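Peer 1: Supplied in structure tokens, the structure appears directly below.
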Amino acid sequence: MIEQLGGFLYVVLGTIFVALFGIGFGLGVLGVDRKLTAHMQARIGPPLRQPFIDIRKLLLKENIIPENAISWLFNAAPVFALAASVTILLYLPIGGLPPVLGVYGDIILIMYLLTVPALAMVTGGFASGSPYATVGAQREMITMMAYELPLATVFIALAWRLARAGVQDPFSLASLTSTPIWSVAGPLGIIGALILLIVLIFVTPGELSRVPFDTPEAETELAGGLMVEYSGKNLAMFYLAQGVKSVAMASVIVALFLPWGLSEFVPGIPALGILLDFLWYIVKVLAVLFVSVSLIRVAMARFRISQVVTMYWIYLGGLGILGLTLLFLDSLGGV
Amino acid sequence: MPDFTLFTGSGFWNPIFWFVSIIVALILIYIIYASGEKGYKRGTEQVKPFISGNPEPAKRGVQISAGNLYWGYMDSLRVYYRNLIPLHTGIITDYLLWMFCVTAILLILVVIP
């Protein structure tokens, strides 16, 4: 009984810590993304702290609820989107620290939890009572259905290959991070895993509604789409959720493909090891987001919604199946 | 106290701990949310939906029907749907034939190996 109460207290404190970290770091990565994007476009860009300034400003602005809106749903959606984004982070390792809820959920749960903030956005869009937001919500639903196929293919292919290599609980984050795919796969499997990494890098901007998969918001076409009627503190919550979800998606890629730490280089000094692992995790998250968000959004223009589906189901879905097949062929030779 | 972790054979999750964590997250986020400005000017132009200055169309005119909800999806996979829709003849014996064929293929691919 006391042990279980201790477990609950750990979860409560862990959630508070991870929520504060996720919100702060999420805003930080949004600032880095804006700065790097600006430099790649030969602009100076806003200061790194600009997202923090934006949130402060949004919290001071009026929170307008349109007359056509279903107000309780319209207000609840942004809060729920942010809370759901925070819970994803609880299942993912941060630096060398184990996930707060690592023993209470696996990678399949993370895949489902990733849809919850998007569903909250869809609900908020439909509750706005605006034609633009309705079209945006419809597009968000289609985008979500589109990227689920390649996302699921990546997760299942990796876990299946680990299972073939005799790893216990292959869907658990602890197994996936302690036994990186690179350590069990042969040459064919490594090519397959690289293909799956590319697929996941292209799923990330869709998951985060960033260019070229930002059709649900499409500022120049739908005037913000889902977000068109949101202002003030409601918009601030969606902005924070964007940051937290960016960290969560990057952490998924880091956990699956780049799980190594630096603590093994400083044996005997645990505190320094934890600090080094944490800093290394920050570097890895920023590097992943640079490639999967900043670089892609500078290099590409927005897809039409039908092109989004073609891209995810036909091209990236096909690449995912190719990666899975290579891992299968690799397992025939190696195990 | 029972452990509510659900095992699926390959994976696992515990809904109780997820529920506890989302309640804690909701409380924390509501504290941040509540610190924001609450007021706005009700009954003014401010609360009209933004439609780029165009006159607001009738509600029925802008509603998207369920048939159009998945337009992007249907348009992108139109070759697939063009072939699939004619197979839905509405005749029960056709559907049973399809079911037997698919079951036979699945037996060959999954069960027999």
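The values are calculated or read from the model by the stated rules, or taken from the named source; none is laboratory data. Because the structure is a prediction, the values reported are computed rather than measured. When we count neighbours, we look across all protein chains shown, and the Cβ atoms used for this are built from the backbone with ideal geometry, even at glycine. To get the accessible areas, we keep the full protein, side chains included, count just its heavy atoms, and leave off ligands, DNA and RNA. Shrake-Rupley method; radii C 1.70, N 1.55, O 1.52, S 1.80 Å.
Peer 1: Ignoring any ligand, DNA or RNA, what whole percent of the accessible area of chain A comes from carbon and sulfur when the probe is 1.4 angstrom?
Peer 2: 72
Peer 1: If you filter the range A:106-161 for chymotrypsin sites (Phe, Trp or Tyr not before Pro), then keep DSSP loop positions with at most 15 other Cβ within 10 Å, what is left?
Peer 2: Numbers: sites: A:Y112, A:F126, A:Y132, A:Y147, A:F155, A:W160; in loops: none.
Loop-located and lightly packed - none at all.
Peer 1: Am I reading the B/A interface right? What is its buried accessible area, both sides, 1.4 Å probe, to the nearest 100 Å²? Please report the intermediate quantities before stating the final value.
Peer 2: Numbers: alone 11120 and 15420 Å², together 21480 Å².
For chain B against chain A, roughly 5100 Å² becomes buried.
Peer 1: I want to verify a result. In a Gaussian network model of chain A, Cα cutoff 10 Å, which of these has the top mean-square fluctuation: A:G136, A:G320, A:G261?
Peer 2: A:G261
Peer 1: Rounded to the nearest percent, how much of the accessible area of the range B:73-113 (1.4 Å probe, protein heavy atoms only) is carbon and sulfur?
Peer 2: 77
Peer 1: Mind checking the dipole of the protein assembly as shown: about its Cα centre, +1 per Lys or Arg Cβ, -1 per Asp or Glu Cβ, Debye to the nearest 20? Walk me through the numbers on the way to the answer.
Peer 2: Numbers: 25 positive and 24 negative charges, 198 e Å.
Magnitude of the dipole: close to 960 debye.
Peer 1: What ³J(HN,Hα) values, in whole Hz, does the Karplus curve 6.51 cos²θ - 1.76 cosθ + 1.60 give for the range A:21-27 when θ = phi - 60°, with x put for Gly and Pro?
Peer 2: For the range A:21-27, the Karplus-derived couplings read 4, x, 5, x, 5, x, 5 Hz, x marking Gly and Pro.
Peer 1: Still on this structure: Along Cα→Cβ, 7 Å out, is where each label goes; now give me the distance between the ones at A:E221 and A:R304 in nm to one decimal.
Peer 2: Simple spin-label model gives 0.8 nm for this pair.
Peer 1: Once fully extended, how much extra length lies between B:Y40 and B:L84, figured as 0.36 nm per residue of separation less the alpha-carbon to alpha-carbon distance?
Peer 2: 10.7 nm
Peer 1: Where does chain A land at 222 nm, in deg cm²/dmol rounded to the nearest 500, when only DSSP H runs of n ≥ 4 count, each adding -39500 (n - 2.57), divided by all residues?
Peer 2: For chain A, the value works out to -23000 deg cm²/dmol.
Peer 1: Another question about this same structure. State, as an integer percentage, the relative contact order of chain A based on alpha-carbon contacts under 8 Å between residues 6 or more apart. Write down the numbers at each step before the final one.
Peer 2: Values: 540 pairs, mean separation 92.2, N = 335.
28 percent.
Peer 1: Sticking with this structure for a sec: Under the Karplus relation 6.51 cos²θ - 1.76 cosθ + 1.60, θ = phi - 60°, what is the ordered set of whole-Hz ³J(HN,Hα) values for the range A:107-116, x standing for Gly and Pro?
Peer 2: Those phi angles translate into 5, 5, 5, 4, 4, 6, 5, 4, 7, 5 Hz.
Peer 1: Quick one: which residues, 5+ away or cross-chain, put their amide H under 5 Å from the amide H of A:L258? H built at 1.01 Å from N.
Peer 2: none
Peer 1: In terms of the Cα gyration tensor, with a ≥ b ≥ c the square roots of its eigenvalues, is the protein assembly as shown rounded because a/c is under 1.5, prolate because a/b exceeds b/c, or oblate?
Peer 2: In terms of gyration-tensor shape, oblate.
Peer 1: Give me the lysines in straight-line cross-link reach of A:K61: C-alpha distance below 30 Å, same-chain residues under 8 apart excluded.
Peer 2: Cross-link targets: A:K35, A:K233, A:K245, B:K38, B:K41, B:K48, B:K59.
Peer 1: So, one more: Kindly tabulate the residues in the range A:309-333 with an accessible-area decrease of at least 30 Å² between the chain alone and the assembly of all protein chains, using a probe of 1.4 Å.
Peer 2: Checking the loss per residue gives A:V309, A:W313.
Peer 1: For A:R56, what is the net charge nearby, where nearby means another residue's Cβ is under 12 Å from its Cβ and Lys, Arg count +1, Asp, Glu -1? Spell out each step's value before the answer.
Peer 2: Working: positive: A:R49, A:K57, A:K61, A:K233; negative: A:D54, B:E37.
Every neighbour counted, the sum reads +2.
Peer 1: Compute the length gained on full extension between B:N54 and B:I105: take 0.36 nm times their separation in residues and subtract their Cα-Cα distance, giving the result in nm to one decimal. The partial results should precede the final answer.
Peer 2: Values: separation 51, 0.36 × 51 = 18.36 nm, distance 5.59 nm.
12.8 nm is the gain from fully extending B:N54 to B:I105.
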